[in-house]
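Heads up, the thing below is written out as structure tokens.
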Amino acid sequence: MKRFITWSLLVFILVALNWFRAAYCQALVDEELLQKYQEAKNTAIHAPRTYSTPEIFVDTLPMLGPDGASINSDMAGTGELTHQSLKPFGYDLFRMPSELSPPSEVADAADYILGPGDNIIIYLWGKVEKEYNLTVDRQGKIFIPKVGEVIVWGLKLSEFEERITKKLSQAYSDFRVSVSLGKIRSIRVYLTGEVSKPGAYTISSLTTLFNALYLAGGPNMRGSMRDIKLIRNNRVEATVDLYQFLLKGDSKSDVRLSSGDAIFVPIAGPRATVSGEVKRPAIYELQGGETVSRLLELAGGTRAEAYLDRIMLDRISPEDEREVVDLNMNPKNGAVNDIELIGGDILTVFSIYELKRNIVSIGGMVKHPGQFERSDSTSLRSLIMQGELLPENVYFERANLFRKYPDRRVDIIPINLESVMSGQEDMPLQDLDSLHVYSIDDVKRREFVYVEGEVKRPGKYQLYDNMTLSDLVFLAGNFRKNAYRLNVELARTDSLGQVALKNIDMTDSAQCRLRLEDDDRIFVREIPDWFLHRTVTVEGEVAFPGQYALLSRSETLYGLIKRAGGFTENAFPKGTIFTRRTISRNLEMQNLPEIIANSQPLKEDSSGTIKKVELIRFNPENVNRVIIDMEKIIDSEGLDGNLGLQNNDYVFVPEIPTGISVMGAVGANGTIKYLNEKNVKYYIERAGNFTNQADKKGTRLIKADGRVFARGGTLGKKVELGDAIVVPTEIKKDRDWLKTLSTTVSIIGGLATTVFIIDRL
């Protein structure tokens with residue numbers, strides 16, 4: 001028997017431990033999550049906050065000298081092109097949009113060679129007026145009535161006009177002839193070699209070699225610009241150098257094409273590069289025999305800033321190594337280094353030394369800021385006279401003279417402009433001296449006064465000379481209606497930081513003329529207990545619903561109902577709803593939303609992220625209602641339970657309700673007719689009783705005045721007219737009974753083994 005009791009006790013303890021283990025472990029987990037959350041929050045709060053300059057702003061501002069000029073030595077900022085960025089000269093001509101072929105109709109082309117397919121228009125006037133519109137046939141002939149066939153193939157238009165005049169004179173007399181071209185024939189030409197778009201092209205017979213190159217996109221980057229060949233009847237008819245056209249506008253080498261012509265662009269010949277201080281830096285193609293001076297001529301000549309005493313030529317030596325040759329191309333020296341160029345040469349023309357030495361500069365509050373020539377007689381006063389001081393806002397007590405030295409030191413010398421301009425002081429200037437004249441606003445701190453409170457435009461205002469208190473009030477738009485003028489407070493801080501207060505009666509004209517000082521602060525208070533049209537709203541079943549202005553701060557809810565004419569016959573005073581919007585605002589000022597948020601439980605998901613579980617949500621609209629007992633207020637005539645009114649209060653008096661509303665986990669949600677002295681259970685039964693999911697113990701009875709009854713004894717409470725019943729749904733937790741049983745059996749087995757061993761000892 002003793003063993004049975006012992007075993008039973010052990011089983012009971014194990015089952016109890018299994019039931020409470022989940023709750024205990026959950027408590028430990030919640031405590032651990034809360035600790036992690038607090039640590040993460042403290043880390044975020046106490047983490048050092050640092051600011052670093054964004055990379056986009058680093059090293060972008062130039063260093064400025066005292067004269068305002070940049071002292072950076074980076075030559076990349078000069079804007080000159082290096083030889084690595086240069087392109088071959090002339091190829092951009094064919095990359096621009098242009099007219100690819102001439103128009104198909106021309107008014108005159110005396111040197112045009114006629115052929116099959118051409119349209120010829122012949123006009124006769126005088127004694128004979130005729131017009132012939134003829135087309136040259138495949139045999140190169142045309143037919144004219146009374147004249148017969150005329151061979152025109154191979155004739156120029158002017159030659160054809162002479163021949164046809166002779167032919168027509170055999171049939172007509174006393175006439176004149178005019179010949180023009182109508183539609184012209186098409187020809188087929190070929191563009192081969194290093195062209196952008198090689199191939200066969202069908203074009204107008206008036207097309208020239210230049211037009212055809214445009215049509216094919218010109219030579220590509222490998223193609224020659226100076227040795228373009230026109231091949232006709234299997235022999236070279238012409239060689240074209242486009243540099244003559246590009247550099248001089250000479251188009252004499254442009255020839256008209258014939259059917260079957262081929263334009264061949266070979267590989268470009270040797271090239272040389274010229275960069276630096278030239279007018280047209282680029283890569284130029286050489287024909288052979290060009291010298292340095294010729295290359296400079298192709299580049300448009302040197303600029304005025306070019307240093308001709310030393311031009312650097314970088315070339316490939318006979319030993320297949322790069323070498324540098326310094327050339328003197330100054331015409332004063334006879335240009336003795338004008339050597340012949342070879343392919344791959346790179347010519348660089350440097351700039352002269354740009355720093356100007358014999359100058360001084362002036363800036364700031366002058367009419368003519370900038371640089372001026374310095375001579376031995378240039379003095380500080382003469383520089384100021386040249387710059388000409390502005391007529392106002394000049395700070396005469398000090399200007400700064402910045403003086404540069406060869407070792408890059410910069411000295412600052414204070415200058416009294418009044419003494420200099422009066423002739424009492426002066427000093428000679430040196431090269432690169434720079435004078436800066438300041439304005440009064442640059443040097444002196446601007447003074448301000450402040451006005452706060454019941455004025456139209458409170459804020460910060462500039463302190464003017466002899467400015468008074470009334471001046472400041474006027475600038476601020478004068479007093480508001482609720483301003484208390486008998487006691488305006490003035491706060492003044494002395495040089496030691498001590499604050500002195502002074503009360504001023506603004507109805508006294510003598511006190512209004514008080515002089516203000518820098519950083520004075522004026523505070524205009526509101527008249528005590530002053531308000532303008534504080535209103536409340538009453539709606540529903542009263543005689544006169546609407547908005548009402550409060551007569552005083554002591555007006556009450558009972559007085560408001562009387563002013564509204566009292567309740568109507570359909571009014572339900574017990575269900576009166578009274579809301580005050582300031583309640584939620586006051587709770588927010590007390591930081592209640594954050595307190596609720598921090599009180600929410602924590603949960604960690606599978607990824608280790610800690611999140612809050614929102615069980616309570618702060619809704620301002622739900623906390624604004626004040627629960628009142630309107631029947632008690634009415635019965636006591638406002639002596640018991642009455643409320644003082646505030647601005648924007650809202651009162652709603654509902655109609656007499658039709659029954660009792662039952663909602664939630666019941667058979668049928670709805671409103672049931674009210675019967676006196678019936679309890680909550682009666683109405684739930686009339687609504688179809690509880691469902692299987694109902695939380696019976698959580699049944700709530702909501703009274704008409706806003707009170708809520710829940711938990712024990714709710715089902716037996718008496719229900720009054722206007723009440724509502726809510727039955728919540730029960731939250732059920734799923735349990736793994738098999739796992740629980742398995743764990744229990746394992747623990748029991750272990751304990752049984754232990755007891756057996758102890759019993760055998």
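Tell me the residue from F448, F523 that is within 30 Å of A399 (Cα to Cα), touching a strand residue (DSSP E or B) at 6+ places or on another chain (Cβ under 6 Å) and of a type in the set (F, W, Y), please.
It is F448.
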Exactly one of R310, R315 is touching a Gly at 6+ places or on another chain (Cβ under 7 Å), over 30 Å from L215 (Cα atoms), not hydrophobic (A, V, I, L, M, F, W, C) and not assigned by TED's automatic domain parsing to the domain that holds T202, and that one is R315
Within the stretch 653-663, of all residues that are touching a Ser or Thr at 6+ places or on another chain (Cβ under 7 Å) and part of a strand (DSSP E or B), the one surrounded by the most Cβ atoms within 10 Å (Cβ to Cβ) is I660
Of (1) buried (at least 16 other Cβ atoms within 10 Å of the Cβ); (2) out of contact with any Ser or Thr (no Cβ under 8 Å at 6 or more places or on another chain); (3) not in a helix (DSSP H, G or I), A212 fails just (3)
Among residues of the stretch 541-562 being modelled with pLDDT under 90 and part of a loop (DSSP other than H, G, I, E, B), the residue nearest to G638 (Cα to Cα) is E555
Of the residues in the stretch 581-599, those that are modelled with pLDDT of 75 or more and among the small types (G, A, S) come to S584
With criteria (1) surrounded by fewer than 16 Cβ atoms within 10 Å (Cβ to Cβ); (2) of a type in the set (A, V, I, L, M, F, W, C); (3) farther than 26 Å from T576 by Cβ, A710 comes up short on (3)
Turns out the strands (runs of 3 or more DSSP E) fully within the stretch 225-280 with at least 3 residues that are in contact (Cβ under 8 Å) with a residue 12 or more places away in the chain and within 13 Å of L213 (Cα to Cα) are 228-232, 262-265
Among strands (runs of 3 or more DSSP E) entirely within the stretch 444-503, at least 2 residues that are of a type in the set (S, T, Y) occur in none
Please verify whether the stretch 296-306 includes one or more residues that are polar (S, T, N, Q), outside any loop (DSSP other than H, G, I, E, B), in contact with a Pro (Cβ under 8 Å, 6 or more places away or on another chain) and in the same structural domain as I342 (by TED's automatic domain parsing). no
Of (1) more than 47 Å from the chain's Cα centre (by Cα); (2) surrounded by 12 or more Cβ atoms within 10 Å (Cβ to Cβ); (3) without any contact (Cβ under 8 Å) to a residue 60 or more places away in the chain, L429 fails just (3)
When the stretch 628-665 is checked residue by residue, the ones that are over 58 Å from the mean Cα position of the chain (by Cα) and among the hydrophobic types (A, V, I, L, M, F, W, C) are M630, I633, I634, L639, I656, I660
The lone condition G565 fails out of (1) surrounded by fewer than 11 Cβ atoms within 10 Å (Cβ to Cβ); (2) outside any helix (DSSP H, G or I); (3) at pLDDT 70 or above is (1)
Counted residues in the stretch 668-693 being surrounded by 13 or more Cβ atoms within 10 Å (Cβ to Cβ), without any contact (Cβ under 8 Å) to a residue 24 or more places away in the chain and under 60 Å from the mean Cα position of the chain (by Cα) come to 3
Counting only residues in the stretch 177-192 that are assigned to a strand (DSSP E or B) and closer than 23 Å to G126 by Cβ, the one nearest to the chain's Cα centre (by Cα) is identified as L181
Only one of (1) in contact with a Leu (Cβ under 8 Å, 6 or more places away or on another chain); (2) among the hydrophobic types (A, V, I, L, M, F, W, C); (3) part of a strand (DSSP E or B) does not apply to I684, and that is (3)
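The values are calculated or read from the model by the stated rules, or taken from the named source; none is laboratory data. Note that this is a predicted model, so its numbers are computed, not measured. We place every Cβ from the backbone using ideal geometry, glycine too, and count neighbours over all the protein chains shown.
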